[in-house]
Amino acid sequence: MFSYLLVNLFLLLAFGMLSIRDSTRMITEEVIQSSNKVMEQAALGLGFNLEETKRSLILLAGNYSVASLMRETGKMEMANVIQHERNIAEITKGIYTFQSLISDVLMLGKNGYVNNLNGRNSLLWDYDFREQPWVRASFEGNTESSFASLGVHTQNYYLEDDLSRYKRPTLSVAVKVHGFQGDIVGSVIANLDLGKLNGMFERSTYHNRGRIFLIDENRKIIVHQDVERIGQVLPLRGLDKLEAEAAGNFTEAIGGKEHLVIYQPTVIKGLTMVSTVTMKEIADQAIPLKSNLVRILSLCILLNTLISAIITIRISRPFNRLLLTLDAMGGDDTLYLKNRDYRYLELNRIGTKFKELMDRIELLIQQNYLTRIALKEEELKALQAQINPHFLFNTLQLLQTEIVCGNIESSNSIVLSLSGLFRYSMKQTEEMVELATELDHAKNYLYIMNKIYDDRIDVSVRADDPALLRYRIPKLILQPLAENSIRHGFGDIRREGSIRLSVHLAKRGLLVVIRDTGKGMDRDSLRGLRRNIDPLGGKPAKIGLFNVNHRIKLKFGNDYGLRIRSAERIHTTVYVLLPAIPGGENEEGESE
């Protein structure tokens with residue numbers, strides 16, 4: 001027993017000395033792990049906002065009116081200029097309203113064309129943007145439409161009464177605008193609000209003691225809580241690792257004080273997120289730990305030979321209870337930890353702190369899940385807003401044929417239907433629309449496709465009750481299903497058939513049925529299609545049906561979505577079940 005106590009005392013001393021010596025290293029590793037997690041959350045928030053900004057810039061850069069005004073070298077007729085400006089204003093209205101991170105959007109052409117969100121009302125009329133290095137940089141590069149940073153510059157092109165932007169620094173990102181021949185004719189540049197960017201980083205600093213900021217590929221600070229630091233070069237030798245490592249950490253003196261520097265990449269190539277924490281702060285956090293370790297070690301040395309056996313017996317039982325509680329955690333796929341009243345205060349504190357940690361981890365998991373769902377839904381919206389280039393090419397060929405043949409009435413109908421399709425697809429302000437509006441969009445598409453098929457398809461659209469036409473459904477749901485019926489029901493063989501689109505009020509909600517008398521499917525093909533449209537089935541083969549089904553389930557739950565039936569050489573029928581939302585109510589069911 002005596003030898004056991006001596007061995008126990010020796011091990012206790014060795015463990016205590018090692019713990020005291022390594023306490024600073026342990027705290028440093030904890031800071032690195034915590035800072036990495038914090039920076040990952042900050043990077044996720046920054047990436048989400050930059051993706052929103054990128055989507056808005058691509059929407060403008062791909063707009064016909066923007067490209068037309070930037071490629072024009074001569075004098076354009078005033079009527080055409082006004083019409084193009086109106087089209088641009090309709091898009092910028094949505095950007096100005098919903099994109100909170102964007103301070104302004106500049107549309108700059110190589111031909112000298114200038115525009116912004118408020119129609120040039122706040123810009124100096126004689127300012128030559130083309131002489132600015134950051135503008136020239138936005139025109140340079142390859143011919144691909146890339147999303148890139150232009151760095152920080154001073155906004156000296158606004159009127160003096162624009163106090164929020166005049167001569168203030170801003171971080172700009174740009175997307176090139178291509179002409180109809182693929183050449184670069186200009187760029188669309190978003191000026192980001194540095195105050196809001198700094199606010200994002202202020203909420204993400206480690207224990208409100210460190211700092212997070214952005215640097216570019218030249219190590220120049222472009223976003224910092226201290227505005228005076230913006231534009232300065234960060235003289236850190238450790239940043240030489242940026243070329244070899246995407247993320248890492250090192251210690252180096254900054255301003256005469258030793259700092260722990262942690263860096264991670266961002267979604268924009270060349271921009272790096274950097275976090276700094278003084279080593280003094282880390283050492284200060286280790287002092288209480290060292291003091292506690294010394295006290296505990298001294299107490300244990302004094303009492304070890306007398307009460308070690310008693311303490312072992314009395315502590316083993318509550319420790320076993322705590323371990324059993326921790327082992328049981330996660331058995332039902334949750335992080336819930338049940339509180340227990342232990343005999344010792346220390347074990348109660350450990351259980352309480354561990355429960356708080358589990359609650360925070362579960363909250364972060366939920367936030368990350370919701371963020372990914374929002375990003376996925378935005379991707380689906382962007383996919384749904386696209387117009388099939390093959391469909392557009394066939395429509396233009398059809399229109400040319402009708403014009404050559406002198407079919408004025410048919411040509412006018414085709415133009416009206418095509419313009420309606422574009423106007424409806426490009427309008428970004430609505431998510432829920434009346435069923436009548438969605439049916440009109442589908443009928444415009446079916447009208448054009450029927451013309452391409454020489455009017456051999458009998459198309460009918462009806463509702464059991466006219467009142468159903470005022471019910472609200474998600475936008476751009478029916479047109480992809482109608483397109484699927486044409487492409488896969490009839491294909492390239494222009495034979496006779498029919499497409500029936502009907503609306504019914506069912507017990508579980510609103511039922512839309514799309515039935516075609518095309519070539520249908522055998523059982524194996526039908527089973528494969530049903531697997532492909534399942535959101536949990538991996539990468540879809542039929543992107544149209546998958547997107548529609550996924551959007552409905554994301555918005556309304558798994559009780560709603562698509563059901564498909566088919567018989568080979570007879571028919572294919574798609575059933576769309578949606579919640580019955582009467583007109584006059586918004587998406588949450590409240591009165592508008």
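May I ask you to list the residues in segment 473-495 that are small (Gly, Ala, Ser) and open to solvent by 10 Å² or more (accessible area, probe 1.4 Å)? Give the derivation first.
Taking segment 473-495 as the starting set, the residues that turn out to be small (Gly, Ala, Ser) are 482, 485, 489, 491.
The one that is small (Gly, Ala, Ser) and open to solvent by 10 Å² or more (accessible area, probe 1.4 Å): Gly491.
Can you name the residue in segment 550-579 that is touching a residue at least 40 places away in the same chain (Cβ under 8 Å) and open to solvent by 40 Å² or more (accessible area, probe 1.4 Å) and is also farthest from Glu483 (Cα to Cα) among such residues?
Asp559
If I filter segment 213-240 down to residues being within 16 Å of Thr266 (Cα to Cα) and outside any loop (DSSP other than H, G, I, E, B), which single residue comes out as modelled with the lowest pLDDT?
Applying the first criterion (within 16 Å of Thr266 (Cα to Cα)) to segment 213-240 yields 213-224, 239.
Retained after the next criterion (residues that are outside any loop (DSSP other than H, G, I, E, B)): 213-215, 220-223, 239.
Numbers: Phe213: 77, Leu214: 79, Ile215: 81, Lys220: 78, Ile221: 81, Ile222: 76, Val223: 77, Leu239: 68.
Per the stated criteria, the residue is Leu239.
Quick check on segment 350-365. Is at least one of its residues open to solvent by 50 Å² or more (accessible area, probe 1.4 Å), of a type in the set (A, V, I, L, M, F, W, C) and modelled with pLDDT under 65?
Among the residues of segment 350-365, not one is open to solvent by 50 Å² or more (accessible area, probe 1.4 Å), of a type in the set (A, V, I, L, M, F, W, C) and modelled with pLDDT under 65, which makes the answer no.
With segment 382-463 as the region, which helices (runs of 4 or more DSSP H) entirely inside it contain at least 2 residues that are under 17 Å from Pro480 (Cα atoms), more than 31 Å from the chain's Cα centre (by Cα) and at pLDDT 80 or above?
Working: elements: 389-404, 408-426, 435-452.
Here the list reads 435-452.
Does segment 572-582 contain at least one residue that is more than 30 Å from the chain's Cα centre (by Cα), at pLDDT 90 or above, assigned to a loop (DSSP other than H, G, I, E, B) and of a type outside the set (A, V, I, L, M, F, W, C)?
There is at least one residue in segment 572-582 that is more than 30 Å from the chain's Cα centre (by Cα), at pLDDT 90 or above, assigned to a loop (DSSP other than H, G, I, E, B) and of a type outside the set (A, V, I, L, M, F, W, C).
Checking the condition at pLDDT below 90 and β-branched (Val, Ile, Thr), which residue from Ile499, Ile493 passes?
Selected residue: Ile493, the only one of Ile499, Ile493 that is at pLDDT below 90 and β-branched (Val, Ile, Thr).
For Ser19, which of the numbered conditions (1) under 31 Å from the mean Cα position of the chain (by Cα); (2) modelled with pLDDT under 80 fails to hold?
Every listed condition holds for Ser19 apart from (1).
Scan Ile287, Ile282 and give me the residue that is part of a helix (DSSP H, G or I), modelled with pLDDT of 70 or more, closer than 22 Å to Met26 by Cα and over 35 Å from the mean Cα position of the chain (by Cα).
When all the criteria are applied, what remains is Ile287.
Could you say whether any residue in segment 205-212 is surrounded by 14 or more Cβ atoms within 10 Å (Cβ to Cβ), among the aromatic types (Phe, Trp, Tyr) and at pLDDT below 80?
The answer is yes; a qualifying residue exists.
What are the pairs with Cβ atoms under 6 angstrom where one residue, in segment 35-56, is closer than 18 Å to Ser103 by Cα and the other, located anywhere, is of a type in the set (Gly, Ala, Ser) and modelled with pLDDT of 80 or more? Sequence gap at least six, or different chains.
Thr53/Ala190
The values are calculated or read from the model by the stated rules, or taken from the named source; none is laboratory data. These figures come from a predicted structure and were not determined experimentally. Positions of Cβ are backbone-derived with ideal geometry, glycine not excepted, and every protein chain shown enters the neighbour counts. With ligands, DNA and RNA removed, areas are computed over all heavy atoms of the protein, side chains included. Shrake-Rupley method; radii C 1.70, N 1.55, O 1.52, S 1.80 Å.
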